[in-house]
Each structure stands twice: as C-alpha cells, then as structure tokens.
Amino acid sequence: MPLCGNIPQSAFASCTNLYSVDIPRAYRIDSGAFKWCSNLSIVNNDTSPSCAIENDAFFGCGNLKNINFNNISTIGARAFRDCISLDKINLKICSSIGEYAFSSCTGITQISLSKCSQIGSSAFANCTNLSKIYIYNPASDQYCTLNNEYAFCVHDESSNCIINSNITFYFEPGVIEWYKTAEYWSHYSKYMI
C-alpha cells in the first residue's frame with residue numbers, strides 16, 4: 001500500500017495472516033486498523049513525515065517488533081496495548097500519548113520522549129521490564145504533564161496499582177526540579193536523575 005495515506009478504521013482487524021505491511025506515506029492509522037493482527041511484526045512507515053496513530057490501532061499485535069516511532073505525531077488510547085514484542089521506543093515528534101497506549105507491553109525496556117506534552121492515564125501501566133525513561137524537551141518552558149499518577153504503575157497480586165520502582169527517569173539539566181514537584185510527577189521523584 002505504498003500510496004495509501006489513511007488506513008481506515010478496522011481495515012485489517014484480526015487478519016492473523018498479515019505479517020508485514022508497507023505504508024510509507026501513511027499520515028493516519030485509524031481506530032482498530034490493525035487490531036488483533038497477532039502475527040504482524042513489521043510496519044514500514046519510514047518515509048511519512050508525520051503519522052497519527054488512533055485508538056486501538058495496533059491493540060493486541062503481540063508480535064509487532066518493528067515500527068518507526070520517529071514520525072508518529074500522536075498516539076491514541078490503547079494504540080499499542082498488549083504489543084509485548086516492542087522493545088525500545090523513541091518518540092521524536094509525538095506530542096501526546098493516550099491512556100493505556102502501551103499498557104501491558106512487557107517487552108519495552110526503554111522510552112525516549114522528545115516533544116511529548118501529555119501522557120495519559122496508565123499509558124505505560126504493567127510495562128514490567130521498563131527501566132529507563134528519557135524525557136528531552138527542547139524548550140525549558142515545555143514540560144510533559146501526566147493525567148494522573150498511574151501512568152507508569154504495575155499491578156500487584158491484589159490488582160492494586162503501585163509505582164513501578166524499576167524505572168529511572170532521566171531529564172535535561174535544569175528541568176528536573178520542576179518534575180520533582182509537578183502534579184503527579186512528584187510521585188516518581190525518588191526515581192529521577
């Protein structure tokens with residue numbers, strides 16, 4: 001689909017025989033477009049200057065390993081939930097991450113955010129192997145906000161949401177003090193460097 005710009009809602013949902021997709025010009029992937037494509041492992045969206053990922057777009061794509069996150073502008077709710085094969089996420093232009101966007105992505109170990117201004121509720125909940133988060137906002141007056149304190153939580157045996165104490169947050173010099181006292185971020189202050 002090299003000329004396709006918009007992937008419609010539920011276009012390929014539950015296509016278990018889909019292993020890779022070539023959408024280099026995609027500017028929008030609608031809700032549930034690839035939901036439950038359990039064998040999808042490669043999404044080539046490398047040449048698109050900017051691509052919005054809508055709600056549930058890749059929900060349940062457990063084998064998804066390779067997608068270019070550099071050009072993703074926004075990520076909707078549950079967009080990559082249960083994508084357990086994702087590892088390192090580098091979001092260079094993404095301005096917002098929806099609730100539960102990467103929830104239960106147990107393969108993720110590291111996240112880099114460059115221009116993100118908002119992270120939704122439980123966006124990275126139950127990412128049990130997540131250990132490093134780098135937040136690089138180029139302008140000192142552009143901070144990333146959280147919708148609540150559960151963005152990076154894990155659930156214990158009783159299903160209580162607790163802070164993932166395995167994570168270390170890395171910030172640009174001069175902004176860490178803002179994050180240590182900011183609403184909801186302050187819950188993570190002892191994990192900040």
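The residue pairs whose first member lies in region 180-193 and is among the basic types (Lys, Arg), whose second member is surrounded by fewer than 17 Cβ atoms within 10 Å (Cβ to Cβ), and whose beta carbons are closer than 7 Å, counting only pairs six or more residues apart or on different chains, are Lys180/Ser186; Lys180/Ser189. Taking the criterion of being open to solvent by 60 Å² or more (accessible area, probe 1.4 Å) and modelled with pLDDT of 95 or more, the residues of region 129-168 that qualify are Asn129, Lys132. Is region 74-81 home to any residue that is part of a loop (DSSP other than H, G, I, E, B), among the small types (Gly, Ala, Ser), closer than 19 Å to Ser41 by Cα and in contact (Cβ under 8 Å) with a residue 24 or more places away in the chain? Checked region 74-81: at least one residue is part of a loop (DSSP other than H, G, I, E, B), among the small types (Gly, Ala, Ser), closer than 19 Å to Ser41 by Cα and in contact (Cβ under 8 Å) with a residue 24 or more places away in the chain. Among the numbered conditions (1) open to solvent by 40 Å² or more (accessible area, probe 1.4 Å); (2) outside any loop (DSSP other than H, G, I, E, B); (3) of a type in the set (Phe, Trp, Tyr); (4) at pLDDT 95 or above, the only one that Trp178 does not meet is (4). Examine region 57-69 for a residue that is within 30 Å of Gln142 (Cα to Cα) and among the charged types (D, E, K, R), and state whether such a residue exists. No, every residue in region 57-69 fails to be within 30 Å of Gln142 (Cα to Cα) and among the charged types (D, E, K, R). Does Phe124 meet the test of being outside any loop (DSSP other than H, G, I, E, B) and either touching a Phe, Trp or Tyr at 6+ places or on another chain (Cβ under 6 Å) or open to solvent by 40 Å² or more (accessible area, probe 1.4 Å) (or both)? Answer is no for this residue. Across region 181-192, what is the total count of residues that are open to solvent by less than 80 Å² (accessible area, probe 1.4 Å) and assigned to a loop (DSSP other than H, G, I, E, B)? Count: 2.
Screening Ser31 on (1) more than 28 Å from Glu183 (Cα to Cα); (2) within 13 Å of the chain's Cα centre (by Cα); (3) modelled with pLDDT of 95 or more shows it passes everything except condition (2). Each residue in region 49-64 was checked for being at pLDDT 95 or above and open to solvent by 40 Å² or more (accessible area, probe 1.4 Å), and 3 pass. Among the numbered conditions (1) more than 16 Å from Gly76 (Cα to Cα); (2) open to solvent by 40 Å² or more (accessible area, probe 1.4 Å); (3) not aromatic (Phe, Trp, Tyr), the only one that Cys37 does not meet is (2).
The values are calculated or read from the model by the stated rules, or taken from the named source; none is laboratory data. Just so you know, these numbers come straight off a predicted model, no measurement behind them. Counting neighbours? That spans all protein chains shown, and the Cβs are built from the backbone with ideal geometry, glycine included. Heavy atoms of the whole protein, side chains included, go into the accessibility calculation; ligands, DNA and RNA do not. Shrake-Rupley method; radii C 1.70, N 1.55, O 1.52, S 1.80 Å.
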